[in-house]
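Visitor: I am attaching a structure below and will ask some questions about it afterwards.
Rule-based calculations on the coordinates, nothing more; no lab input. Just so it is clear, the model here is predicted, and its values are computed rather than measured. Cβ coordinates were reconstructed from backbone atoms using ideal geometry, including for glycine residues, and neighbour counts include every protein chain displayed.
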Amino acid sequence: MMSDRKPISQHSGVFADIGTVARRAVRSLSREPEFIGPALAIPIFFFIVNIGALEAFVERQPGIDYRAFQLPVAIVFAVTGISRANMLVTDIQSGYLDRMLVTPIRRVSLLLGLMVADIVLASALAAVVLLLGFAVGVSFGTGISGLAVFVLLAMAWSLAFTGFPYTVALRTGNPAAVNSAFLIFFPFAFLTPSMLPRDLMSGWLKTVAAWNPVTYLLEGMRSVLSEGWDPTMLLKAMAAIVGLGLVTFTMAFRSLARRVATG
């Protein structure tokens, strides 16, 4: 009986630790409105500009709704790089993290709790961009279930990418380095069919896009905006997310272990 109860107690303790860290991180968002503004301004700017500049040209091709085509791009821009890594840097510099490390708190919860807060913020940002998409006439051919899959893909991608800024925060403790971490996403974002379908791309750009995981994320999200389901597209999108998550989470949790070991 004792052996049966022990794992349950351990699991509940982990969840309690994650919840404690997550609540603190979510509350801190209300004190940083300047963090939310740019996170929304960039995707909304590109969404409006791309539609205004390219909609008439791209829609010469039959069967393309360019507003729906651009919505996944705007969502991905909104949720990529959203993290509380700056808060983690502040905790490192103030000594708060060191004080946490001498408590019985589970070490993994220090990152997992922050990541829960990241998902809360990413969900709010995605909701605003989705409302903009609905306002300009975008609809989901796969209905409510397609909308749910669309949001889940975006949230999973956001979570997978967060491992990178946390790695930078834990290894450098430098806010400038963390702020620069998002810049690594820009080449990946633009070397994709973000402006045009892959069928309209040519040369080296088309080749690079074929090797870019963001390409398959965008195409998977776009597939649920049209009529019917495309399992192949969705599987490729999930594979891209899982692949990224394996790399960034490994780096982040190894960096946490290193900081714990070295103090």
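Visitor: When the helices in the chain are scored as -39500 (n - 2.57) per DSSP H run of 4 or longer and the sum is shared across all residues, what 222 nm value do you end up with, to the nearest 500 deg cm²/dmol? Before the final figure, lay out each step's value.
Guide: Working: 12 runs with 207 residues, N = 263.
My calculation for the chain gives -26500 deg cm²/dmol from helical runs alone.
Visitor: Moving on. At a threshold of 8 angstrom on Cα-Cα distance, excluding pairs fewer than six apart, so keeping six or more, what relative contact order does the chain reach in percent? Write out the running numbers ahead of the final one.
Guide: On the way: 300 pairs, mean separation 61.6, N = 263.
Contact order relative to length: 23 percent.
Visitor: On C-alpha positions alone, give me the angle between the axis of helix 143-172 and the longest principal axis of the chain, in degrees, nearest 10.
Guide: Here the helix axis deviates by roughly 50 degrees.
Visitor: Another question, then. What order, most packed first, do the peptides 99-106, 39-46, 51-58 have when packing is the mean number of other Cβ atoms within 10 Å of each residue?
Guide: Numbers: 99-106: 11.9, 39-46: 16.5, 51-58: 13.5.
Highest mean packing first, the order is 39-46, 51-58, 99-106.
Visitor: Quick one: angle between helix 85-94 and the longest Cα principal axis of the chain, in degrees between 0 and 90, rounded to 10, please.
Guide: Tilt of helix 85-94: around 30 degrees.
Visitor: Could you tell me how many degrees, from 0 to 90 and to the nearest 10, lie between the Cα long axis of helix 107-135 and the main elongation axis, the longest principal axis, of the Cα atoms of the chain?
Guide: Long axis of 107-135 versus the principal axis of the chain: about 30 degrees.
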